[in-house]
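Reviewing the structure listed below.
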Amino acid sequence: MDLPVHLQLVYHEETALARVPAHPSPNSFIVGPAILRHGNRTQMERFLFPIVRADELWCQGFSEPEAGSDLASLRTRAVRDGDEYVVTGQKVWTSRADEADWMFTLVRTGPPESGSAGISYLLVDLTAPGITIRPLRDMTGGAFFAEVFLDEVRVPVAHRVGDENGGWAIARTSLGHERSTSRVALAIRYRRIVNELVVLARQQGLAADPAVRQRLAAAEIDVRLLGLTFGRVAAAVARGEEPGPASSVTRLFLAQFEQRLHELGLALTGAAGMLDAAAADVPERGRWTWGFLKTRASTIGAGTAEIQRTTIAEQVLGLPRDRSEAGRP
C-alpha cells in the first residue's frame with residue numbers, strides 16, 4: 001500500500017473497527033513480508049500489488065504427511081534442471097489451497113540428511129502441470145484444508161525467494177509475520193467477541209451466575225493481555241525489527257484463548273449447542289458450536305502448542321534443549 005509500518009497498523013485497526021470483511025487471502029500477508037525482506041526487485045514488482053489487491057490468492061505449503069511439527073525433515077524434493085526446478089512431493093493441511101492461485105512452499109534442494117540447511121523457498125503457480133489438489137473435510141463439515149500433490153512440477157528458478165538452501169530463515173520471517181503484524185486486528189475482533197459473550201450470558205439468564213461471571217472475568221483479562229502483547233509485537237515491527245520471541249508467545253496464547261472463548265460460548269448456549277445450525281432454537285445460528293469445533297485445531301495449526309512451548313523454553317527462556325530432539329538417550 002506504499003504505507004510505512006505504523007500506518008499499515010492503523011489501516012488494519014480501522015478496518016477491524018469498521019467490520020470491513022477480512023482480506024480473502026490471509027496467507028498473502030505471510031508471503032508478502034517474506035518477498036519484501038528477501039525477494040528481488042523483479043519478484044516485488046510481479047507479486048506484491050496482486051497480493052494487496054487480492055488479484056491472486058495464496059496458500060502456504062509447509063506441512064507434509066511426515067513433516068508437520070518437525071518441519072525441517074520435509075521431503076518434497078526440488079531438483080535443478082537449467083533455469084527450472086523439478087518439484088515432486090506432497091503437502092498437507094494446506095489452508096484454502098483449492099481456491100488459491102499460488103503457493104509459497106518449502107522444498108528440499110540439499111541432500112536428504114541436510115535438515116534445515118538444505119531447504120529452499122519457492123513460489124509455485126498452482127495451475128502448473130503436475131499439481132493435484134484434494135480438499136480435506138474437517139469436523140465442522142467444511143473443507144478449509146487440502147492436500148497438494150506435486151508430480152514433477154516445473155518451477156522457474158526466478159521464483160525462488162532468496163538463496164538456494166537458504167529457505168529456512170525466510171520461513172521464519174513468514175511464520176513470524178503470520179503471528180504478528182497480520183494479526184494486529186485480531187485484538188479488536190476478540191474485544192468485540194468478549195463483549196458479545198457478555199450479551200449472550202445476559203440473554204441466557206446466566207449473567208448473575210458466579211461461575212459464569214468468573215469465566216467472563218477471565219476472558220476479559222485474556223483479551224486485554226492479548227491486546228498488550230500484540231502491541232509489543234507491532235511496536236517491534238514498526239521499529240524495523242523482527243517480531244522476535246513475542247511472536248511465539250502470542251501464537252501459543254492466542255490458540256488457547258480461542259479455545260477457551262468458544263468453550264465458554266458453547267457452555268452459555270446449554271443443550272441448544274447440540275443442535276444443527278439450521279435448527280429454530282439454536283442461539284445465534286450455531287456460531288458458538290461451529291467455533292468450538294473449528295478451534296479444536298487452534299493448538300495444532302501453524303505450529304502445535306507443544307512446539308511453541310519448546311521454542312519458548314529453549315529460545316526465549318534459555319532452558320536446556322530437549323534431550324530426545326538432540327538425539328541423546
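The values are calculated or read from the model by the stated rules, or taken from the named source; none is laboratory data. This structure is a prediction, so every number in the text was calculated from the model and none was measured. Cβ coordinates were reconstructed from backbone atoms using ideal geometry, including for glycine residues, and neighbour counts include every protein chain displayed. Each accessible area value is taken on the protein alone, full model and side chains, heavy atoms only, with ligands, DNA and RNA left out. Shrake-Rupley method; radii C 1.70, N 1.55, O 1.52, S 1.80 Å.
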>> Going through Arg189, Arg183, Arg287, Arg260 one at a time, which residue ends up being at pLDDT 80 or above, within 18 Å of the chain's Cα centre (by Cα) and open to solvent by 40 Å² or more (accessible area, probe 1.4 Å)?
In response: Arg189
> Just checking, how many residues over segment 93-139 are in a loop (DSSP other than H, G, I, E, B) and on the phi > 0 side of the Ramachandran plot?
Replying inline: 3
>> Take the conditions open to solvent by less than 20 Å² (accessible area, probe 1.4 Å), in contact with a helix residue (DSSP H, G or I) (Cβ under 6 Å, 6 or more places away or on another chain) and in a loop (DSSP other than H, G, I, E, B) and apply them to Gly142. Does it pass?
In response: no
>> Quick check on segment 296-324: of everything there that is hydroxyl-bearing (Ser, Thr, Tyr) and assigned to a helix (DSSP H, G or I), which residue is modelled with the lowest pLDDT?
In response: Thr311
> Is it fair to say Arg80 is of a type in the set (Lys, Arg) and either under 16 Å from Gly32 (Cβ atoms) or in a loop (DSSP other than H, G, I, E, B) (or both)?
Replying inline: no
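Residues are listed down the side, and each one gets a yes or a no for (1) within 30 Å of Val5 (Cβ to Cβ); (2) crowded, with 20+ Cβ neighbours inside 10 Å:
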| position | (1), (2) |
| --- | --- |
| Ala217 | no, no |
| Pro245 | yes, no |
| Leu252 | yes, yes |
| Val282 | no, no |
